[in-house]
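Asker: One structure, as structure tokens, below. Some questions next.
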Amino acid sequence: MNPRSLFVENFKCYGKTFLDFTVGQSFCITGVSKNNQNESNGTGKTTIFEAFKYVLFGEYDGKNVNNIIRHGQDYAKVGIVFDLDSDELFKIERTRTKKNSFISLFKKNFDDSWKDISERTAPETEEKIQSLLKINYAAFCN
């Protein structure tokens, strides 16, 4: 799986953030505190990795899934666009409200529109995503 972009909205400390991975070959996520240029603790680096875990596998850190929703907001949404060593692009979107979770899987059409290829149920869509990714959560984290 080759990530092309990551979109995060109301996820933990992030309001709206878009990361474009098509502008280079490798990336380093660094952080700088507002109050001290030499301090990087608590700036959201780990949260980017958590967003990847959440969108790809539905996994999150902590005991309560609603803690991923940014304080004062009603929902969190994470989306990723990726390819599988081919010209085919796929997109996964996960949204969490305080009461429900939603997952969608899309495949990009030739006209640049997105075709919803989600299955009828969330567990079936999860299974389809895992068959596309060919990596499980534990392997991803390692």
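Asker: What tally of residues in segment 76-96 results from selecting those that are open to solvent by 70 Å² or more (accessible area, probe 1.4 Å) and in contact (Cβ under 8 Å) with a residue 40 or more places away in the chain?
Answerer: Number of matching residues: 1.
Asker: Taking only segment 112-133 into account, find how many residues are among the basic types (Lys, Arg) and farther than 16 Å from residue 80 by Cα. Let's see the steps before the verdict.
Answerer: Here is the first cut: in segment 112-133, the ones among the basic types (Lys, Arg) are 115, 120, 128.
In the following step, the residues that additionally are farther than 16 Å from residue 80 by Cα were identified as 120.
Residues that pass the stated criteria total 1.
Asker: Return a yes/no flag: does segment 18-40 have any residue that is open to solvent by 70 Å² or more (accessible area, probe 1.4 Å), in contact with a Phe, Trp or Tyr (Cβ under 9 Å, 6 or more places away or on another chain) and in contact (Cβ under 8 Å) with a residue 24 or more places away in the chain.
Answerer: no
Asker: Can you name the residue in segment 97-126 that is touching a residue at least 40 places away in the same chain (Cβ under 8 Å) and in a strand (DSSP E or B) and, of all such residues, is least open to solvent (accessible area, probe 1.4 Å)?
Answerer: 103
Asker: In segment 58-74, what residues are at pLDDT 90 or above, open to solvent by 60 Å² or more (accessible area, probe 1.4 Å) and not in a helix (DSSP H, G or I)?
Answerer: Those that are at pLDDT 90 or above, open to solvent by 60 Å² or more (accessible area, probe 1.4 Å) and not in a helix (DSSP H, G or I): 59, 70, 71, 72, 73, 74.
Asker: Out of (1) of a type outside the set (Val, Ile, Thr); (2) open to solvent by 30 Å² or more (accessible area, probe 1.4 Å); (3) outside any loop (DSSP other than H, G, I, E, B), the odd one out for residue 51 is which?
Answerer: Evaluating residue 51 over (1) of a type outside the set (Val, Ile, Thr); (2) open to solvent by 30 Å² or more (accessible area, probe 1.4 Å); (3) outside any loop (DSSP other than H, G, I, E, B) leaves (2) as the failure.
Asker: While we're on this one: Please tell me if residue 31 is over 16 Å from residue 55 (Cβ atoms) and modelled with pLDDT of 90 or more.
Answerer: no
Asker: Can you pull out every residue in segment 5-15 that is open to solvent by 60 Å² or more (accessible area, probe 1.4 Å) and either within 14 Å of residue 93 (Cβ to Cβ) or among the aliphatic types (A, V, I, L, M) (or both)?
Answerer: First pass over segment 5-15, keeping only residues open to solvent by 60 Å² or more (accessible area, probe 1.4 Å): 7, 13.
7 - this is the single residue of segment 5-15 that is open to solvent by 60 Å² or more (accessible area, probe 1.4 Å) and either within 14 Å of residue 93 (Cβ to Cβ) or among the aliphatic types (A, V, I, L, M) (or both).
Asker: Of all residues in segment 1-48 being assigned to a loop (DSSP other than H, G, I, E, B) and hydroxyl-bearing (Ser, Thr, Tyr), which is nearest to residue 85 (Cα to Cα)?
Answerer: In the first step, residues of segment 1-48 are kept if they are assigned to a loop (DSSP other than H, G, I, E, B); the result is 1, 12-13, 21-44.
If we keep only those that are hydroxyl-bearing (Ser, Thr, Tyr) as well, we get 22, 26, 30, 33, 40, 43.
Working: 22: 14, 26: 16, 30: 27, 33: 37, 40: 34, 43: 32 Å.
The selected residue is 22.
The values are calculated or read from the model by the stated rules, or taken from the named source; none is laboratory data. Just so we're clear, the structure is a prediction, and the values are computed from it rather than from any experiment. Quick reminder, even Gly has a Cβ in these numbers, built from the backbone with ideal geometry, and neighbours come from all protein chains shown. Surface areas here come from the heavy atoms of the whole protein model, side chains and all, with no ligands, DNA or RNA. Shrake-Rupley method; radii C 1.70, N 1.55, O 1.52, S 1.80 Å.
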